[in-house]
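First comes the structure, then the notes that go with it.
The values are calculated or read from the model by the stated rules, or taken from the named source; none is laboratory data. Just so we're clear, the structure is a prediction, and the values are computed from it rather than from any experiment. Virtual Cβ from ideal backbone geometry, glycine too; neighbours counted across all protein chains shown.
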Amino acid sequence: MLDQLFNPKSIAVVGATPKEGKVGNALLKNLIAFQKQEQEKGRGKDRHKDSVRISAVNPKYEEILDVKSYPSVIQIEEEVDLAVVAVPAVNVPEVLEQCGKKGIRNVVVITAEFKEAGKEGAKLESKLIRLSDKYDLNLVGPNCLGIINMHAGLNVTFGKSIPAKGNIAFLSQSGAFILGVIERSRAVNMGLSKVVSLGNKAVLDECDFIEYLAEDDETEVITMYLEDIRDGRRFMDVVRQVSKKKPVIVIKSGRTEAGAKAASSHTGGIAGSAETLRAAFQQAGVVEASSIDDLFDFSLTLSRFRSIKGGIAIVTNSGGPGVMAADAIEEFGLEPASFDIETIENLRKLEVANFYNPVDVRGDADSAKFGTALGIVASDGGVGAIISILCPTAGITFLQAADYVLDWNEQVPIIPVFMGGETEMETVERFKKHRITNYFDPMKAVKALHAVAEYSEMREREYAPPHHFKVDKEEAKRGIKAEAFKVLKAYGIPVPAYGIAKTAEEAVEIANGVGYPVAMKIVSPEIIHKTDVGCVKLRVEREEVKKAFFEILYRAEKYTSPRRIEGVLVQQLVEGGREVIVGMKRDTHFGPLIMFGLGGIYVEVFKDVSFGIAPLSRKDATEMIKSVKAYRILKGIRGELGSDIDSLVDVLLRFSQLSMDFPEILEADLNPIKVFEHGKGCYVIDFKIIS
């Protein structure tokens, strides 16, 4: 679909101008420069044959920078594959109309002053969207820097520099950020294949480009800077498929909700946009970068290798940094290498300070001894990657040591941590030529390896479709409006026996039915946290029911109008078990964010919780439960019997389906859920819905 966008044979620059400093001038100059460069790469008399044809569009000129200029794209005699537009915002809709009539399918709108500029700009952008729909245009932008295809010699931007050619694609919502990345990529020798400035994403967004790049033979890694993800569900579906083939690395800004309205439920109080993104990225298979350094480190490392087949070994001439690296390996949950007997014996013969992992060749070792140790470790079949740490001691020559790293890197991936300053610059440049990043900080080296391990694990993960239960949606719909526990019962989620009393006499009748002692709670949409206002009574015996009923009503009427009180819930008292919480907060872009964790009144204090995006698969639900610290307690410790984990998985799956079926539910808490010993199930004790 987007092949002509990145590989056009003819381009029209609409808004081209001979005036220095103007965007239309810079665009035309960049295209001419690339055209000449490609022509020079041609052969003999036919060298002009396959070069990109460029046309200028500006009614004021017949020729601009030796390029023929036309009054409009309509007047261009030949077919045009791509139009790049740099005219005032008010004129852009007219240009799109002309492009549509001319049959130009691909348009890059550089012009700003659209929705980012306010109400009038948003109206103009809506026109662009309508025209794109009308003529089936692939529109990039507006308000963007443009696009680059290094493998086709195409620079449709107004930037001053271009990246080196490589296998990493970069998408960004910020045009200025692209310019910084290009400069940095040249410094670290990170070659780029395609560069796309997404701009306002009026028509084409990151999902369209991810799908295209998945099939692009010139791209091995897809890297992105995003400020918003409008269609979160599509993003997850697309990345889930593409990440099986290629790493997708994302750095996302705007992850906090500063200034947002405080949420009413426990889940709403804990779950913010950062938690939503983390859950979505993990389920989809995104490698998340938390800094610009991470973005480069992860991209470069994953462009070298995508899996670690064995443990991580450390070879160093300094004990301190070696221990730091070992600590980081454990902190990131990576597997340290365990050497076989032959490796240990060979290292022992080499007379190193430590012949286990980390291997310390001592500070007096020369480059040859370091290289020999590196080779011994690289030959061990249980080693999947090596962190080689060198400090600039008298016996070490960095260039000679680098030769050993490059030699053994063919056998097993090696991450160098050559901790020098000016003395290592030539060595660093040599590593760059082989797409190897040198680190000064061992922690960063381990972090890059963790990204590889994380991607490898996500790529191998099998996607399981969500389980679908037979439920009574009509009964649930009635419950949302009137009685919350009916919703759970309609979805097969276990609740204790209960009834809602309007009078004290009804309370006694219900209590007699469910059996003593009972629990009693206010039912009111205005009172979410009932315990906080004294509207909960536990272990109520027969003679106490009426008194408890009136006390609950009295306290409730201090906080809300009697008209907003629906009655008093009289419930079978469930004692024992362990308390957990399941909750939901609906995200605008990704949908229901499901939470699981330690329950009860302290959930917001301890925040021992995990998150997943609905609809959940059985594996998703199981992983959510296993990822909280309280899982060790749920499994059973010191001879205790484990809790019924299967019943909690079932609740998560049914609640996930409920969240998908009823988009009007904005937040909800099942808190506490009391879970009993294995095989004895669980009960939802309280349920809050905010719609």
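Would you say residue 160 is assigned by TED's automatic domain parsing to the domain that holds residue 9, more than 20 Å from residue 80 (Cβ to Cβ), basic (Lys, Arg) and not in a helix (DSSP H, G or I)?
yes
If I ask for residues that are of a type outside the set (S, T, N, Q) and over 22 Å from residue 306 (Cα atoms), which ones from the stretch 200-229 would you list?
201, 202, 203, 204, 205, 206, 207, 208, 226, 227, 228, 229, listed by residue number.
Given 471, 452, 446, 412, which one is modelled with pLDDT of 95 or more, buried (at least 20 other Cβ atoms within 10 Å of the Cβ) and in a loop (DSSP other than H, G, I, E, B)?
That would be 412, the only listed residue that is modelled with pLDDT of 95 or more, buried (at least 20 other Cβ atoms within 10 Å of the Cβ) and in a loop (DSSP other than H, G, I, E, B).
Only one of (1) farther than 19 Å from residue 647 by Cβ; (2) among the hydroxyl-bearing types (Ser, Thr, Tyr); (3) in contact with a Pro (Cβ under 8 Å, 6 or more places away or on another chain) fails for residue 588. Which number is that?
Every condition holds for residue 588 apart from (3).
One line per residue, one yes/no per condition, for (1) crowded, with 17+ Cβ neighbours inside 10 Å; (2) within 30 Å of residue 633 (Cα to Cα):
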| residue | (1), (2) |
| --- | --- |
| 526 | no, no |
| 535 | yes, no |
| 562 | no, no |
| 571 | yes, yes |
| 582 | yes, yes |
| 588 | no, no |
| 592 | yes, yes |
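Are any residues in the stretch 388-427 hydrophobic (A, V, I, L, M, F, W, C) and within 20 Å of residue 302 (Cβ to Cβ), and if so, which ones?
Result: 405, 406, 412, 414, 415, 417.
Return a yes/no flag: does the stretch 586-609 have any residue that is hydroxyl-bearing (Ser, Thr, Tyr), in a loop (DSSP other than H, G, I, E, B) and within 23 Å of residue 483 (Cβ to Cβ).
Within the stretch 586-609, none of the residues are hydroxyl-bearing (Ser, Thr, Tyr), in a loop (DSSP other than H, G, I, E, B) and within 23 Å of residue 483 (Cβ to Cβ).
With the checklist (1) in a helix (DSSP H, G or I); (2) within 25 Å of residue 339 (Cα to Cα); (3) under 32 Å from the mean Cα position of the chain (by Cα) in hand, flag the one item residue 404 doesn't pass.
So the condition that residue 404 fails would be (3).
Confirm whether residue 61 is farther than 23 Å from residue 148 by Cα and buried (at least 19 other Cβ atoms within 10 Å of the Cβ).
no
So how many residues does the stretch 318-342 have that are touching a Gly at 6+ places or on another chain (Cβ under 6 Å) and surrounded by 19 or more Cβ atoms within 10 Å (Cβ to Cβ)?
1
Scanning for something closer than 19 Å to residue 683 by Cβ and touching a residue at least 60 places away in the same chain (Cβ under 8 Å), does the stretch 530-548 turn up at least one residue?
yes
Can you tell me which of 456, 388 is of a type in the set (Ser, Thr, Tyr) and within 25 Å of the chain's Cα centre (by Cα)?
Result: 456 is the single residue among 456, 388 that is of a type in the set (Ser, Thr, Tyr) and within 25 Å of the chain's Cα centre (by Cα).
Pull up the stretch 72-94, narrow it to residues that are touching a strand residue (DSSP E or B) at 6+ places or on another chain (Cβ under 8 Å) and among the acidic types (Asp, Glu), then point me to the one that is nearest to residue 139 (Cα to Cα).
Taking the candidates together, the pick is 81.
Quick check on the stretch 143-154. Is at least one of its residues out of contact with any helix residue (DSSP H, G or I) (no Cβ under 6 Å at 6 or more places or on another chain) and either free of Cβ contacts under 8 Å to residues at least 12 places away in the same chain or in the same structural domain as residue 436 (by TED's automatic domain parsing) (or both)?
There is no residue in the stretch 143-154 that is out of contact with any helix residue (DSSP H, G or I) (no Cβ under 6 Å at 6 or more places or on another chain) and either free of Cβ contacts under 8 Å to residues at least 12 places away in the same chain or in the same structural domain as residue 436 (by TED's automatic domain parsing) (or both).
For the stretch 504-535, which residues satisfy the criterion of being in a loop (DSSP other than H, G, I, E, B), out of contact with any helix residue (DSSP H, G or I) (no Cβ under 8 Å at 6 or more places or on another chain) and closer than 19 Å to residue 551 by Cα?
Scanning the stretch 504-535 gives 517, 528, 529, 530.
Look at residue 169 and say whether it is modelled with pLDDT of 95 or more and either over 23 Å from the mean Cα position of the chain (by Cα) or outside any loop (DSSP other than H, G, I, E, B) (or both).
Criteria met by residue 169.
With the checklist (1) farther than 30 Å from residue 596 by Cβ; (2) surrounded by fewer than 19 Cβ atoms within 10 Å (Cβ to Cβ); (3) without any contact (Cβ under 8 Å) to a residue 60 or more places away in the chain in hand, flag the one item residue 309 doesn't pass.
(3)
As an exercise: evaluate residue 77 against (1) without any contact (Cβ under 8 Å) to a residue 12 or more places away in the chain; (2) farther than 24 Å from residue 154 by Cβ and give the number of the one condition it does not meet.
(2)
Matching residues to (1) touching a His at 6+ places or on another chain (Cβ under 8 Å); (2) surrounded by fewer than 24 Cβ atoms within 10 Å (Cβ to Cβ); (3) assigned to a loop (DSSP other than H, G, I, E, B); (4) β-branched (Val, Ile, Thr):
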{"residue": "177", "(1), (2), (3), (4)": "no, yes, no, no"}
{"residue": "183", "(1), (2), (3), (4)": "no, yes, no, no"}
{"residue": "193", "(1), (2), (3), (4)": "yes, no, no, no"}
{"residue": "200", "(1), (2), (3), (4)": "no, yes, yes, no"}
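What tally of residues in the stretch 312-334 results from selecting those that are without any contact (Cβ under 8 Å) to a residue 40 or more places away in the chain and over 24 Å from the mean Cα position of the chain (by Cα)?
Matching residues across the stretch 312-334 total 4.
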